[in-house]
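The values are calculated or read from the model by the stated rules, or taken from the named source; none is laboratory data. Quick caveat: nothing in here was measured; it's all calculated off a predicted structure. For neighbour counting, all protein chains shown are included, and Cβ atoms are generated from backbone atoms with ideal geometry for every residue, glycine included.
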Ligand SMILES: Cc1ncc(COP(=O)(O)O)c(C=O)c1O
(Lines give C-alpha, C1' and ligand atoms only; values in the text may rest on other atoms or scores of the structure.)
Protein backbone atom coordinates (compact mmCIF):
# COMPACT_ATOMS: atom_id res chain seq x y z
CA UNK A 1 0.00 0.00 0.00
CA UNK A 2 1.38 3.40 -1.00
CA UNK A 3 2.18 6.01 1.62
CA UNK A 4 -0.70 8.37 2.25
CA UNK A 5 0.41 11.78 3.60
CA UNK A 6 -3.15 12.40 4.76
CA UNK A 7 -2.54 9.81 7.45
CA UNK A 8 0.22 11.92 8.99
CA UNK A 9 -0.70 15.51 8.19
CA UNK A 10 -3.32 15.81 10.97
CA UNK A 11 -0.55 15.02 13.47
CA UNK A 12 1.28 18.28 12.63
CA UNK A 13 -0.44 21.41 14.03
CA UNK A 14 1.60 23.74 11.80
CA UNK A 15 0.40 22.06 8.60
CA UNK A 16 -3.21 22.69 9.50
CA UNK A 17 -3.01 26.37 10.39
CA UNK A 18 -3.99 29.39 8.34
CA UNK A 19 -1.93 32.58 8.31
CA UNK A 20 -3.87 35.65 7.14
CA UNK A 21 -6.76 33.27 6.38
CA UNK A 22 -4.67 31.34 3.88
CA UNK A 23 -3.22 27.84 4.25
CA UNK A 24 0.53 27.44 4.58
CA UNK A 25 2.78 25.38 2.29
CA UNK A 26 6.01 24.24 3.88
CA UNK A 27 8.72 23.59 1.30
CA UNK A 28 11.38 24.69 3.77
CA UNK A 29 12.08 21.27 5.29
CA UNK A 30 15.84 21.31 4.55
CA UNK A 31 16.01 24.40 6.78
CA UNK A 32 13.88 22.79 9.49
CA UNK A 33 10.84 20.53 9.53
CA UNK A 34 7.52 20.90 11.32
CA UNK A 35 6.83 18.89 14.46
CA UNK A 36 3.98 16.68 15.58
CA UNK A 37 1.69 17.38 18.53
CA UNK A 38 3.31 14.39 20.25
CA UNK A 39 6.68 16.19 20.16
CA UNK A 40 5.13 19.34 21.63
CA UNK A 41 3.35 17.28 24.32
CA UNK A 42 6.50 15.40 25.28
CA UNK A 43 8.46 18.65 25.68
CA UNK A 44 5.79 20.43 27.69
CA UNK A 45 5.17 17.32 29.81
CA UNK A 46 8.83 17.18 30.79
CA UNK A 47 9.06 20.91 31.53
CA UNK A 48 5.71 20.95 33.31
CA UNK A 49 6.36 18.01 35.62
CA UNK A 50 10.01 17.00 35.84
CA UNK A 51 12.18 20.01 35.00
CA UNK A 52 15.36 19.16 36.88
CA UNK A 53 18.96 17.98 36.46
CA UNK A 54 20.89 14.73 36.60
CA UNK A 55 21.99 12.83 39.68
CA UNK A 56 19.58 13.98 42.41
CA UNK A 57 17.78 11.67 44.85
CA UNK A 58 14.31 13.08 44.22
CA UNK A 59 11.58 12.17 41.74
CA UNK A 60 12.13 14.81 39.07
CA UNK A 61 15.88 14.27 38.94
CA UNK A 62 15.38 10.50 38.83
CA UNK A 63 12.97 11.03 35.94
CA UNK A 64 15.50 13.31 34.18
CA UNK A 65 18.26 10.70 34.50
CA UNK A 66 15.90 8.05 33.10
CA UNK A 67 14.99 10.38 30.22
CA UNK A 68 18.68 10.87 29.40
CA UNK A 69 19.25 7.11 29.33
CA UNK A 70 16.17 6.54 27.17
CA UNK A 71 17.27 9.26 24.75
CA UNK A 72 20.64 7.57 24.32
CA UNK A 73 18.95 4.24 23.59
CA UNK A 74 16.58 5.83 21.11
CA UNK A 75 19.49 7.62 19.41
CA UNK A 76 21.36 4.30 19.27
CA UNK A 77 18.38 2.69 17.53
CA UNK A 78 17.89 5.65 15.23
CA UNK A 79 21.40 5.40 13.76
CA UNK A 80 21.90 1.68 14.52
CA UNK A 81 24.91 2.27 16.77
CA UNK A 82 26.42 -0.81 18.44
CA UNK A 83 25.95 0.75 21.88
CA UNK A 84 24.00 3.61 23.47
CA UNK A 85 27.31 4.78 24.97
CA UNK A 86 28.32 5.94 21.48
CA UNK A 87 25.59 8.59 21.40
CA UNK A 88 26.31 12.17 22.42
CA UNK A 89 23.94 15.14 22.56
CA UNK A 90 24.60 18.83 22.12
CA UNK A 91 23.06 22.13 21.06
CA UNK A 92 23.11 21.45 17.32
CA UNK A 93 25.32 19.87 14.67
CA UNK A 94 27.52 22.96 14.28
CA UNK A 95 28.29 23.32 17.98
CA UNK A 96 28.95 19.58 18.33
CA UNK A 97 31.26 19.66 15.32
CA UNK A 98 33.29 22.61 16.61
CA UNK A 99 33.59 20.87 19.98
CA UNK A 100 34.54 17.52 18.47
CA UNK A 101 36.97 19.11 16.02
CA UNK A 102 38.97 20.54 18.94
CA UNK A 103 39.07 17.13 20.55
CA UNK A 104 39.81 15.12 17.42
CA UNK A 105 42.58 17.53 16.34
CA UNK A 106 44.48 17.42 19.64
CA UNK A 107 47.22 15.18 18.22
CA UNK A 108 47.42 16.69 14.71
CA UNK A 109 50.83 17.90 13.60
CA UNK A 110 52.33 20.07 10.89
CA UNK A 111 52.66 17.35 8.28
CA UNK A 112 49.10 16.13 8.73
CA UNK A 113 46.45 16.65 6.09
CA UNK A 114 42.69 17.01 6.34
CA UNK A 115 40.15 16.61 3.54
CA UNK A 116 36.91 18.59 3.40
CA UNK A 117 34.58 19.00 0.42
CA UNK A 118 33.11 21.87 -1.57
CA UNK A 119 29.71 20.19 -1.33
CA UNK A 120 29.48 20.43 2.43
CA UNK A 121 27.63 22.85 4.65
CA UNK A 122 30.47 24.92 6.10
CA UNK A 123 29.84 23.67 9.63
CA UNK A 124 31.74 20.63 8.36
CA UNK A 125 34.44 22.73 6.70
CA UNK A 126 35.23 25.79 8.86
CA UNK A 127 35.46 23.71 12.04
CA UNK A 128 38.18 21.52 10.47
CA UNK A 129 39.95 24.41 8.75
CA UNK A 130 40.23 26.31 12.02
CA UNK A 131 41.35 23.24 13.98
CA UNK A 132 43.97 22.52 11.30
CA UNK A 133 45.16 26.13 11.35
CA UNK A 134 45.82 25.85 15.10
CA UNK A 135 48.02 22.80 14.48
CA UNK A 136 49.66 23.92 11.26
CA UNK A 137 48.05 21.01 9.39
CA UNK A 138 47.05 21.34 5.72
CA UNK A 139 43.44 21.28 4.54
CA UNK A 140 42.47 20.13 1.05
CA UNK A 141 39.03 20.72 -0.40
CA UNK A 142 37.52 18.20 -2.81
CA UNK A 143 35.89 19.82 -5.83
CA UNK A 144 32.35 19.05 -6.88
CA UNK A 145 31.39 17.56 -10.20
CA UNK A 146 29.39 20.46 -11.58
CA UNK A 147 27.16 18.31 -13.78
CA UNK A 148 25.69 16.07 -11.14
CA UNK A 149 26.58 18.13 -8.05
CA UNK A 150 28.20 15.09 -6.50
CA UNK A 151 31.77 15.26 -5.24
CA UNK A 152 34.56 14.66 -7.71
CA UNK A 153 35.72 11.19 -6.59
CA UNK A 154 38.87 11.33 -8.75
CA UNK A 155 39.87 14.55 -7.07
CA UNK A 156 39.19 12.99 -3.66
CA UNK A 157 41.36 9.98 -4.50
CA UNK A 158 44.15 12.28 -5.67
CA UNK A 159 44.06 14.21 -2.38
CA UNK A 160 43.97 11.16 -0.11
CA UNK A 161 47.43 10.12 1.17
CA UNK A 162 48.85 8.29 4.20
CA UNK A 163 49.22 11.77 5.74
CA UNK A 164 45.43 12.26 5.72
CA UNK A 165 44.18 12.29 9.30
CA UNK A 166 40.52 13.00 8.73
CA UNK A 167 37.96 13.20 5.93
CA UNK A 168 34.88 15.37 6.64
CA UNK A 169 32.07 14.59 4.23
CA UNK A 170 28.37 15.22 3.85
CA UNK A 171 25.98 12.30 3.32
CA UNK A 172 23.60 14.46 1.25
CA UNK A 173 23.82 18.03 -0.03
CA UNK A 174 21.49 20.43 1.78
CA UNK A 175 21.32 22.52 -1.41
CA UNK A 176 20.98 20.14 -4.35
CA UNK A 177 19.77 17.00 -2.56
CA UNK A 178 22.64 14.95 -4.06
CA UNK A 179 23.21 11.69 -2.17
CA UNK A 180 26.90 10.95 -1.70
CA UNK A 181 28.55 7.53 -1.80
CA UNK A 182 29.96 7.92 1.69
CA UNK A 183 30.65 4.20 1.92
CA UNK A 184 33.19 4.54 -0.88
CA UNK A 185 34.86 7.48 0.87
CA UNK A 186 35.06 5.59 4.17
CA UNK A 187 36.61 2.50 2.59
CA UNK A 188 39.26 4.59 0.85
CA UNK A 189 39.94 6.78 3.91
CA UNK A 190 40.26 3.84 6.27
CA UNK A 191 42.69 2.17 3.86
CA UNK A 192 45.15 5.02 4.57
CA UNK A 193 44.33 5.20 8.28
CA UNK A 194 42.19 8.36 8.16
CA UNK A 195 39.08 8.85 10.30
CA UNK A 196 35.80 9.86 8.66
CA UNK A 197 33.37 12.46 10.03
CA UNK A 198 29.95 12.28 8.33
CA UNK A 199 27.44 15.14 8.28
CA UNK A 200 24.07 13.37 8.07
CA UNK A 201 21.97 16.46 8.83
CA UNK A 202 20.28 16.58 5.43
CA UNK A 203 20.22 12.81 5.01
CA UNK A 204 18.47 11.96 8.28
CA UNK A 205 14.85 12.94 7.45
CA UNK A 206 14.92 11.07 4.15
CA UNK A 207 16.90 7.83 4.59
CA UNK A 208 17.50 5.64 7.60
CA UNK A 209 21.06 5.97 8.92
CA UNK A 210 23.04 2.82 9.71
CA UNK A 211 26.42 3.68 11.21
CA UNK A 212 27.40 0.02 11.57
CA UNK A 213 26.84 -0.65 7.88
CA UNK A 214 28.77 2.54 7.05
CA UNK A 215 31.60 1.93 9.50
CA UNK A 216 32.17 5.69 9.96
CA UNK A 217 34.09 7.06 12.92
CA UNK A 218 31.76 9.97 13.61
CA UNK A 219 28.33 10.97 12.34
CA UNK A 220 26.26 13.98 13.27
CA UNK A 221 22.65 15.00 12.69
CA UNK A 222 20.08 17.46 14.02
CA UNK A 223 16.64 16.51 15.33
CA UNK A 224 14.95 19.69 14.06
CA UNK A 225 15.47 18.43 10.51
CA UNK A 226 13.57 15.20 11.19
CA UNK A 227 10.40 16.45 12.88
CA UNK A 228 11.94 17.00 16.30
CA UNK A 229 13.18 19.97 18.35
CA UNK A 230 16.49 21.80 18.13
CA UNK A 231 19.04 19.26 19.31
CA UNK A 232 22.34 17.98 17.92
CA UNK A 233 23.16 14.28 17.99
CA UNK A 234 26.59 12.75 17.44
CA UNK A 235 27.63 9.15 17.00
CA UNK A 236 31.20 8.46 18.11
CA UNK A 237 32.45 4.98 17.24
CA UNK A 238 33.08 2.90 20.39
CA UNK A 239 36.86 2.85 19.86
CA UNK A 240 37.01 6.67 20.15
CA UNK A 241 34.71 7.23 23.12
CA UNK A 242 37.44 6.66 25.72
CA UNK A 243 40.46 7.13 23.43
CA UNK A 244 39.74 10.81 22.68
CA UNK A 245 40.36 13.49 25.30
CA UNK A 246 37.51 16.01 25.11
CA UNK A 247 37.80 19.48 26.59
CA UNK A 248 35.67 19.31 29.69
CA UNK A 249 35.06 20.69 33.15
CA UNK A 250 37.39 18.66 35.38
CA UNK A 251 35.01 17.19 37.96
CA UNK A 252 32.40 16.28 35.31
CA UNK A 253 32.00 12.58 34.38
CA UNK A 254 34.95 11.19 32.47
CA UNK A 255 33.39 7.93 31.38
CA UNK A 256 31.22 7.18 28.40
CA UNK A 257 29.40 9.70 26.20
CA UNK A 258 28.86 12.22 29.03
CA UNK A 259 32.57 13.06 28.69
CA UNK A 260 31.66 14.90 25.50
CA UNK A 261 28.64 16.73 26.89
CA UNK A 262 29.40 20.10 28.42
CA UNK A 263 27.05 21.76 30.87
CA UNK A 264 23.40 20.95 31.40
CA UNK A 265 21.70 19.17 28.55
CA UNK A 266 18.51 20.34 26.90
CA UNK A 267 16.31 17.72 28.55
CA UNK A 268 13.05 18.98 27.06
CA UNK A 269 14.59 18.57 23.61
CA UNK A 270 15.63 15.03 24.50
CA UNK A 271 11.98 14.34 25.37
CA UNK A 272 10.93 15.85 22.03
CA UNK A 273 13.58 13.86 20.19
CA UNK A 274 12.27 10.57 21.67
CA UNK A 275 8.76 11.55 20.51
CA UNK A 276 10.05 12.46 17.03
CA UNK A 277 11.67 9.04 16.57
CA UNK A 278 8.47 7.43 17.83
CA UNK A 279 6.57 9.46 15.22
CA UNK A 280 8.94 8.27 12.48
CA UNK A 281 8.25 4.65 13.47
CA UNK A 282 4.52 5.23 13.85
CA UNK A 283 3.64 4.91 10.17
CA UNK A 284 4.83 1.31 10.07
CA UNK A 285 2.75 0.54 13.14
CA UNK A 286 -0.38 1.68 11.31
CA UNK A 287 0.19 -0.88 8.55
CA UNK A 288 -0.48 -4.08 10.50
CA UNK A 289 -0.15 -5.55 13.95
CA UNK A 290 3.21 -7.26 13.46
CA UNK A 291 5.35 -7.22 16.59
CA UNK A 292 8.47 -5.52 15.27
CA UNK A 293 11.34 -3.77 17.03
CA UNK A 294 11.59 0.01 16.92
CA UNK A 295 14.40 -0.29 14.38
CA UNK A 296 12.29 -2.55 12.18
CA UNK A 297 9.37 -0.12 12.38
CA UNK A 298 11.71 2.74 11.48
CA UNK A 299 13.03 0.74 8.57
CA UNK A 300 9.56 -0.03 7.21
CA UNK A 301 8.40 3.56 7.70
CA UNK A 302 11.46 4.99 5.94
CA UNK A 303 10.89 2.63 2.98
CA UNK A 304 7.47 4.22 2.60
CA UNK A 305 8.71 7.78 3.13
CA UNK A 306 11.45 7.28 0.57
CA UNK A 307 9.15 5.77 -2.06
CA UNK A 308 6.63 8.57 -1.57
CA UNK A 309 9.28 11.31 -1.63
CA UNK A 310 10.53 9.90 -4.93
CA UNK A 311 7.05 10.18 -6.43
CA UNK A 312 6.92 13.81 -5.26
CA UNK A 313 10.34 14.44 -6.81
CA UNK A 314 9.34 12.75 -10.05
CA UNK A 315 6.17 14.84 -10.24
CA UNK A 316 8.06 18.05 -9.48
CA UNK A 317 10.83 17.36 -12.01
CA UNK A 318 8.37 16.49 -14.78
CA UNK A 319 6.54 19.77 -14.24
CA UNK A 320 9.74 21.77 -13.95
CA UNK A 321 11.24 20.40 -17.17
CA UNK A 322 8.32 21.78 -19.18
CA UNK A 323 9.91 25.20 -18.82
CA UNK A 324 13.11 26.13 -20.57
CA UNK A 325 14.01 29.22 -18.60
CA UNK A 326 14.68 27.36 -15.41
CA UNK A 327 18.03 26.02 -14.25
CA UNK A 328 18.07 22.97 -11.99
CA UNK A 329 21.38 22.30 -10.25
CA UNK A 330 22.33 18.63 -10.29
CA UNK A 331 20.76 15.97 -12.47
CA UNK A 332 17.02 15.80 -13.15
CA UNK A 333 16.69 12.34 -11.65
CA UNK A 334 14.53 11.51 -8.70
CA UNK A 335 16.06 8.34 -7.25
CA UNK A 336 19.62 9.20 -6.31
CA UNK A 337 18.66 12.29 -4.40
CA UNK A 338 16.62 13.61 -1.53
CA UNK A 339 13.52 15.58 -2.58
CA UNK A 340 15.46 18.85 -2.35
CA UNK A 341 15.88 21.06 -5.39
CA UNK A 342 18.06 24.08 -6.09
CA UNK A 343 16.80 26.18 -8.97
CA UNK A 344 17.13 29.57 -10.61
CA UNK A 345 14.56 31.04 -12.96
CA UNK A 346 15.72 33.34 -15.76
CA UNK A 347 17.62 36.29 -14.38
CA UNK A 348 15.28 36.63 -11.40
CA UNK A 349 16.89 37.08 -8.03
CA UNK A 350 16.11 34.07 -5.80
CA UNK A 351 15.36 36.48 -2.93
CA UNK A 352 12.70 38.31 -4.98
CA UNK A 353 10.91 35.08 -5.88
CA UNK A 354 11.13 33.77 -2.32
CA UNK A 355 9.71 37.06 -1.03
CA UNK A 356 6.75 36.89 -3.41
CA UNK A 357 6.09 33.26 -2.48
CA UNK A 358 6.42 34.15 1.20
CA UNK A 359 3.60 36.67 0.84
CA UNK A 360 1.42 33.75 -0.31
CA UNK A 361 2.46 31.59 2.68
CA UNK A 362 4.62 29.43 0.42
CA UNK A 363 7.77 28.81 2.41
CA UNK A 364 10.91 28.32 0.35
CA UNK A 365 14.45 29.35 1.19
CA UNK A 366 16.82 31.34 -0.96
CA UNK A 367 20.57 31.94 -0.78
CA UNK A 368 23.59 29.68 -0.43
CA UNK A 369 22.74 27.82 2.80
CA UNK A 370 26.29 27.88 4.15
CA UNK A 371 27.31 25.63 1.24
CA UNK A 372 29.94 28.19 0.34
CA UNK A 373 32.18 25.85 -1.67
CA UNK A 374 29.34 24.58 -3.85
CA UNK A 375 27.97 28.05 -4.52
CA UNK A 376 31.44 29.44 -5.25
CA UNK A 377 32.20 26.67 -7.73
CA UNK A 378 28.84 27.14 -9.43
CA UNK A 379 29.44 30.91 -9.62
CA UNK A 380 26.38 31.68 -7.51
CA UNK A 381 27.85 33.59 -4.59
CA UNK A 382 27.41 37.08 -6.03
CA UNK A 383 24.19 36.20 -7.78
CA UNK A 384 22.02 35.56 -4.75
CA UNK A 385 22.43 31.78 -4.72
CA UNK A 386 19.42 29.64 -5.55
CA UNK A 387 15.82 29.03 -4.58
CA UNK A 388 15.68 25.86 -2.54
CA UNK A 389 12.47 23.86 -2.65
CA UNK A 390 12.51 20.94 -0.25
CA UNK A 391 9.80 18.36 0.21
CA UNK A 392 9.17 16.23 3.24
CA UNK A 393 6.89 13.22 3.40
CA UNK A 394 4.13 15.48 4.73
CA UNK A 395 3.99 17.43 1.44
CA UNK A 396 1.42 16.63 -1.24
CA UNK A 397 0.98 16.71 -5.02
CA UNK A 398 -1.66 19.43 -4.61
CA UNK A 399 0.84 21.59 -2.81
CA UNK A 400 3.26 21.16 -5.71
CA UNK A 401 0.49 22.24 -8.11
CA UNK A 402 -0.10 25.35 -6.00
CA UNK A 403 3.63 26.08 -6.04
CA UNK A 404 3.72 25.93 -9.84
CA UNK A 405 0.69 28.22 -10.06
CA UNK A 406 2.54 30.72 -7.88
CA UNK A 407 5.73 30.36 -9.96
CA UNK A 408 3.90 30.54 -13.27
CA UNK A 409 4.49 34.28 -13.82
CA UNK A 410 8.26 33.74 -13.51
CA UNK A 411 8.41 30.46 -15.41
CA UNK A 412 6.46 31.67 -18.43
CA UNK A 413 8.06 35.10 -18.73
CA UNK A 414 10.24 35.22 -21.83
C1 LIG B 1 23.78 19.56 5.70
C2 LIG B 1 23.80 20.42 6.92
N3 LIG B 1 24.82 20.31 7.76
C4 LIG B 1 24.90 21.03 8.88
C5 LIG B 1 23.92 21.94 9.21
C6 LIG B 1 24.03 22.71 10.48
O7 LIG B 1 23.17 22.11 11.41
P8 LIG B 1 22.81 22.79 12.78
O9 LIG B 1 21.81 23.86 12.50
O10 LIG B 1 22.24 21.67 13.60
O11 LIG B 1 24.05 23.33 13.38
C12 LIG B 1 22.83 22.12 8.35
C13 LIG B 1 21.80 23.11 8.65
O14 LIG B 1 21.05 23.54 7.83
C15 LIG B 1 22.76 21.32 7.20
O16 LIG B 1 21.74 21.43 6.35
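Here are some notes:
- Among the residues of the stretch 30-85, those that are in a loop (DSSP other than H, G, I, E, B), more than 16 Å from the ligand (Cβ to nearest atom) and crowded, with 21+ Cβ neighbours inside 10 Å comprise 36, 81.
- Within the stretch 23-79, the set of residues being assigned by TED's automatic domain parsing to the domain that holds residue 364 and more than 26 Å from the chain's Cα centre (by Cα) comprises just one member, 23.
- Selection count, the stretch 90-128, where residues are closer than 17 Å to residue 156 by Cα and assigned to a helix (DSSP H, G or I): 2
- Qualifying residue in the stretch 122-135 (condition: modelled with pLDDT of 95 or more, away from the ligand (no atom under 16 Å from the Cβ) and touching a strand residue (DSSP E or B) at 6+ places or on another chain (Cβ under 6 Å)): yes
- When the test is whether a residue is under 29 Å from residue 391 (Cα atoms), within 21 Å of the chain's Cα centre (by Cα), outside the structural domain of residue 334 (by TED's automatic domain parsing) and free of Cβ contacts under 8 Å to residues at least 60 places away in the same chain, residue 119 does not pass it.
Yes/no per residue for (1) within 16 Å of the ligand (Cβ to nearest atom); (2) more than 25 Å from residue 18 (Cβ to Cβ); (3) surrounded by fewer than 16 Cβ atoms within 10 Å (Cβ to Cβ):
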site	(1), (2), (3)
321	no, yes, yes
334	no, yes, no
347	no, yes, yes
350	no, yes, no
355	no, no, yes
359	no, no, yes
371	yes, yes, no
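- Condition met for residue 81 (at negative phi and without any contact (Cβ under 8 Å) to a residue 40 or more places away in the chain): no
- Test: residue in the stretch 189-200 that is without any contact (Cβ under 8 Å) to a residue 12 or more places away in the chain and either more than 13 Å from the ligand (Cβ to nearest atom) or not in a strand (DSSP E or B) (or both): yes
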